[in-house]
Structures are given as structure tokens and as C-alpha cells.
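Worksheet: one structure, shown below.
The values are calculated or read from the model by the stated rules, or taken from the named source; none is laboratory data. None of these values were measured; they are calculated from a predicted model. Glycine also receives a Cβ, built like all others from the backbone with ideal geometry; neighbour counts cover every protein chain displayed.
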Amino acid sequence: MLQLCNKLNPSPKNLEIKNNFEQTIKMSDTPIFRDETGQVTGIRVLPPTAEGAQYEVSLSTQGSLEGTHYTALWTYTQVQRNDGSIYGQGDGVMTTECGEVIYLKGSGSAPGKEADGSVKFKIINHHHTSSSKFKHINGTAGVGVYNVSAEGKTTAQINLL
């Protein structure tokens, strides 16, 4: 374990992928940059906005970041819009098994709840750390999917841009 903690990860190589607008996006060649599971630990009702019902959501996750295990805590606000779509944004703090701390800012959108009560978000996360092992992720964005089951269980798969 000590060797893993002291080993510096090289910056990911890039490959080019075309999106629907025929623009070139740089994505990490790592199949999944971050892979995690979690559980919603609390929901608080906030005053509604003109867009719709508003909530504060607390979340605890664990996963793997470039092969290093971590835990993370998130708090975000979520608006269930009047048209049924959902938007959320918030902040997280990730701590690796070796003690590195990575700060996260994220946002995501979903068209609404699925028939089974789950929600499938498309997300973007911004990372910041003073860790020498992970300094290459400063100034990058991770994009991916964040799924929440009707029971509050979460999964996320995120690639670097």
C-alpha cells in the first residue's frame, strides 16, 4: 500500500472523440477516470423557486480515482423543475486512502424521474487539489453519468475532458 500511495500517476494520454456537433473533445484514454457508488444520506426541503421545488441533498460515496480508493462527502441543491426536469449543483470533498484531499464542484441535469423512480443525471465535475499525486487533474473537468435509484443508492462513472 505504501508504494501505491507514494507513486505519482502520470498525466493521462488523450484521444479524440467527435460529439454530435462534430467538435473534437479530448477524453482520457483511461476507460473510466472515476468510478463510484454511494448513498443519499439526507434530504432537506428548501423554499421553492420560480423553477420549481428545491431540495438540499447530502451524499456519501466511495470509489476509485485512477486506481486509488477514496471516500467523498457531497452537499448539493436540486431543483425539480415545473416541467419535470431536474437540475442540481454542489460541492464535494474527496479523501483518498493515502490522505490526499480533492475538492469538487459539480452540476448535473436529468430529464426527470424514470418509471422505476430512478434519476439518470448527465454531470460535470471540476477538481482541485494540492496533492502532488493528483495535481494533473487541477483545471480539468470530469463528465459522465450519475444515477440515483428510488432508494437513494448512487453510481457514477466519470471521464476526464
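Summed over region 50-83, the residues that are more than 16 Å from the chain's Cα centre (by Cα) and under 21 Å from ILE124 (Cβ atoms) give a count of 7. Only one entry in GLY144, GLY88 is touching a residue at least 24 places away in the same chain (Cβ under 8 Å), within 19 Å of VAL45 (Cα to Cα), surrounded by 15 or more Cβ atoms within 10 Å (Cβ to Cβ) and not polar (S, T, N, Q), namely GLY88.
One line per residue, one yes/no per condition, for (1) touching a residue at least 40 places away in the same chain (Cβ under 8 Å); (2) in contact with a Lys or Arg (Cβ under 6 Å, 6 or more places away or on another chain); (3) hydrophobic (A, V, I, L, M, F, W, C):
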site: ALA53; (1), (2), (3): no, no, yes
site: LEU59; (1), (2), (3): yes, no, yes
site: LEU65; (1), (2), (3): yes, yes, yes
site: VAL79; (1), (2), (3): no, no, yes
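Only one of the numbered conditions (1) at pLDDT 95 or above; (2) surrounded by 15 or more Cβ atoms within 10 Å (Cβ to Cβ); (3) not hydrophobic (A, V, I, L, M, F, W, C) is violated by GLY42, and that is (2). Taken together, the residues in region 55-93 that are acidic (Asp, Glu), at pLDDT 95 or above and outside any strand (DSSP E or B) amount to 1.
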